[in-house]
Structure formats: structure tokens, C-alpha cells
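J.: Take a look at this one; I'll ask things after.
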Amino acid sequence: MKKVLSGIQPSGQLTLGNYIGAIKNFVKLQETHECYFMVVDLHAVTVPQEPSSLREQSQAIAALYLAAGIDPQRSAVYMQSHVRAHAELGWLMTTMTSIGELERMTQFKDKSAGKDSVGAGLFIYPSLMAADILVYNADLVPVGDDQKQHLELTRDLAGRFNSRYGDFFTIPQPYIPEVGARIMSLDDASKKMSKSNPNPGSFIALLDSPDVIRKKISRATTDSGREIRFDQANKPEVSNLMGIYAQMSGLSLAEVEAKFEGQGYGPFKKELAERVVDVLEPLQQRYHEIRSSGMLEDVLREGAAKAAGVADRTVEGVKEKMGFLKG
Ligand code: TYM
């Protein structure tokens, strides 16, 4: 069975962008693949985190995975820091990465822009991400569009290792949805929807109440026209909302266009809010049940044990190939 690996940082509330770009596909892929879904806490600390909020967010994301439909009987759900092989292979991958490659990462450029002091962890982050993927020899990596460049680097590092030390790593493929790979902010369609945006009106959090969701969507920026038409270049705001509608309803963009032909933005936004509530309300109910059930700890322990079984073997193989003595 082909393998799938992905992860989400516990560094803020999850948004509808994370759901559409990533989690929704995690749920789908577990039907046909051996899956590893982690909460990437080692990545989160590349920027300072308050310990209590790191703990809370880590549990929240693990619970949201399950609430969204990831089945822990089928897929390993775990914390990255519980599988030590990530950090170990992360170091080895760092030694194979050039500074120039890391300097070209647009996410690093964005996150470090204007800062006086930037942690070295933020810089070498993509090498750790490569290790996350390669440590399972994952075939497929479901991510949103913003992770494409990190995936390219991962493929390059895998190829570099294979040509230096002999065939070993699977070269992974990104799995990026055609619609919804880049959900944009509700207040500015030139920026991606992000959990770190200080304006909460710019994103829908997965745990926003139905009323908050309705309010945020009704206030979302549109243009001065009234046509519901998918046109990224000229109608980026409406196109973004249509993408969300398509993902929430299962309709194609053409079907969404046809459904709302002749209607203005008001009725469209109202319907869109209901589609989002239809998806998120039951998810939130399951989330609260999971949080109060006390089941998370067991799920995370079992997930980490399963993941470590695979990851430890890979690191042993890598070290042997590189010439490390057996311990
Ligand atoms: P992170 O935590 O920023 O985001 C998690 C996932 O959500 C996707 N995403 C979006 N998709 C569509 N529209 C948006 N507005 C949007 N915002 C976020 C991201 O593309 C991502 O798939 N580096 C990764 C975490 C990571 C990882 C990995 C992923 C670490 N190791 C190994 C895959 C494999 C990150 O910061 O994602």
C-alpha cells in the first residue's frame, strides 16, 4: 500500500484553509493509503510559543483530526516530538541542504521579513520537513499550495541522497487539490487565509460558532459587481468564496456558477454560510466529545508507536548508508 504523510503546526487556531487544503484530503486518502498524520510541534517552536498554548493547540489539532474523520484505527495520529527519528533525520537532512536552497524559500522570506532577530530553526525548517516525509518513505504528501516549494526541496534532497549513497528514499509527490489549494483571506483576496492573521475577520476558524461564521461570511469583501462568476484575475474575492462553496458542497465551480446565476452576492453569501455551518457544526460537536472523552492520550501513544516502528528503521538505514557505526 502506498504511504501518505502530512502534518499541521500547532501554532494558532486551525482555519477553513487548513481544512480544505489539507485535512479534507487526509480523510479521503486514508481510504486507500497507509497514512501518517502528525501535529508538527517541533516545527511550531521555530517561533517562540507560550508552553501552555503549545500544549492546548497540540491537543486541539489532534482532536480536530479525529473530529474531521481521521480514523486512528487506520491512520497513525501522533505528535512529531514523540517520534524521535524526526529530529535525528532532520539533522542529517540539514547537513545535505545548502544555505542557498534555504535562502530561496519564500515562506522563510515572508516569516523573517522585517524581524530583528530570526531563529536558526526557522531557517532550517524545510530540512526537518523533508525528514518528516522521507522518514516514512511517503509516496504522497497532501498539502496546500504554500507548501509546494518545501516539497520540491524534499524531492531534491531525496534525489541527492540517493545519488550520493545509493538508491534509498522514495521521491515523494505533492497532492494538492485543484480547487481550494489556496483559500484566501476574507478581507483581502491577495493574501492566503492564515491562522496567524491578527484580524479574526479574515479567516474562519474551524471552531468558530455558527453565528460567527455567518457574520464573517456576510462581511467578506467582494467587488462592486453582482455576478457570481469564477474569474481569479478579475473577481478574486468572489472566486475565492466560490471555491469554498464548491469544497463545502461537493459541487464543481461550473455547477456553483449555474446555481447562482442571476442572483446577487447577498443570497450567495447566505447560502455559503449555511454550507460551511453544515460541515463545521457536526465537526465541532465531535471535537468537544473527543476532548472530554480522554481518548486522545491513548490515540497519540499508539500512533507514535506505530510511526516510530517505521521511522526508526529508516534512520538506521540512512546512518548505515552514510557510514555511521552501528550503536
Ligand atoms: P501549516 O501548519 O502552515 O498548514 C497546514 C496545512 O494547511 C495548508 N494550508 C492551506 N491550504 C489552503 N489554503 C490556505 N489558506 C491554507 N493555509 C494552510 C498548508 O498548505 C498545509 O498543508 N510546513 C507545514 C507543516 C509540515 C508538513 C510536514 C506538511 C511540517 N512537516 C510534512 C506536510 C509534510 C506547515 O507549516 O503547514
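The values are calculated or read from the model by the stated rules, or taken from the named source; none is laboratory data. The structure presented is a predicted model; accordingly, all values stated were derived computationally and were not measured. Here the Cβ is made from the backbone with ideal geometry for all residues, glycine too, and neighbour counts use every protein chain on show.
J.: Applying the selection to region 167-193, what residues are part of a loop (DSSP other than H, G, I, E, B), touching a helix residue (DSSP H, G or I) at 6+ places or on another chain (Cβ under 9 Å) and under 25 Å from ALA138 (Cβ atoms)?
T.: PHE168, PHE169, THR170, ILE171, PRO172, ILE176, PRO177, VAL179, GLY180, ALA181, ARG182, ILE183
J.: Checking the structure you have, find out if any residue of region 266-286 is assigned by TED's automatic domain parsing to the domain that holds PRO236 and either part of a loop (DSSP other than H, G, I, E, B) or of a type in the set (Ser, Thr, Tyr) (or both).
T.: The answer is no, given that none of the residues of region 266-286 is assigned by TED's automatic domain parsing to the domain that holds PRO236 and either part of a loop (DSSP other than H, G, I, E, B) or of a type in the set (Ser, Thr, Tyr) (or both).
J.: Right, here's the next one. From the list VAL118, VAL45, VAL83, exactly one residue is within 17 Å of the chain's Cα centre (by Cα) and not aromatic (Phe, Trp, Tyr). Which is it?
T.: Result: VAL45 is the single residue among VAL118, VAL45, VAL83 that is within 17 Å of the chain's Cα centre (by Cα) and not aromatic (Phe, Trp, Tyr).
J.: I'd like to verify a number: residues in region 98-110 that are more than 12 Å from HIS150 (Cα to Cα) and either buried (at least 17 other Cβ atoms within 10 Å of the Cβ) or not assigned by TED's automatic domain parsing to the domain that holds ILE124 (or both), how many?
T.: The number of residues fulfilling the criteria is 0.
J.: Here are some conditions: (1) more than 24 Å from LEU128 (Cβ to Cβ); (2) at pLDDT 95 or above; (3) away from the ligand (no atom under 15 Å from the Cβ). TYR165 meets all but one. Which one does it not meet?
T.: (1)
J.: Here are some residues: VAL4, VAL47. Which one is within 13 Å of the ligand (Cβ to nearest atom), touching a Gly at 6+ places or on another chain (Cβ under 8 Å) and of a type outside the set (Phe, Trp, Tyr)?
T.: Exactly one of VAL4, VAL47 is within 13 Å of the ligand (Cβ to nearest atom), touching a Gly at 6+ places or on another chain (Cβ under 8 Å) and of a type outside the set (Phe, Trp, Tyr), namely VAL47.
A quick yes/no check of all residues on (1) over 16 Å from the mean Cα position of the chain (by Cα); (2) outside any helix (DSSP H, G or I):
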{"site": "TYR125", "(1), (2)": "no, no"}
{"site": "VAL141", "(1), (2)": "no, yes"}
{"site": "ASP146", "(1), (2)": "no, no"}
{"site": "GLN149", "(1), (2)": "no, no"}
{"site": "LEU157", "(1), (2)": "yes, no"}
{"site": "ASN162", "(1), (2)": "yes, no"}
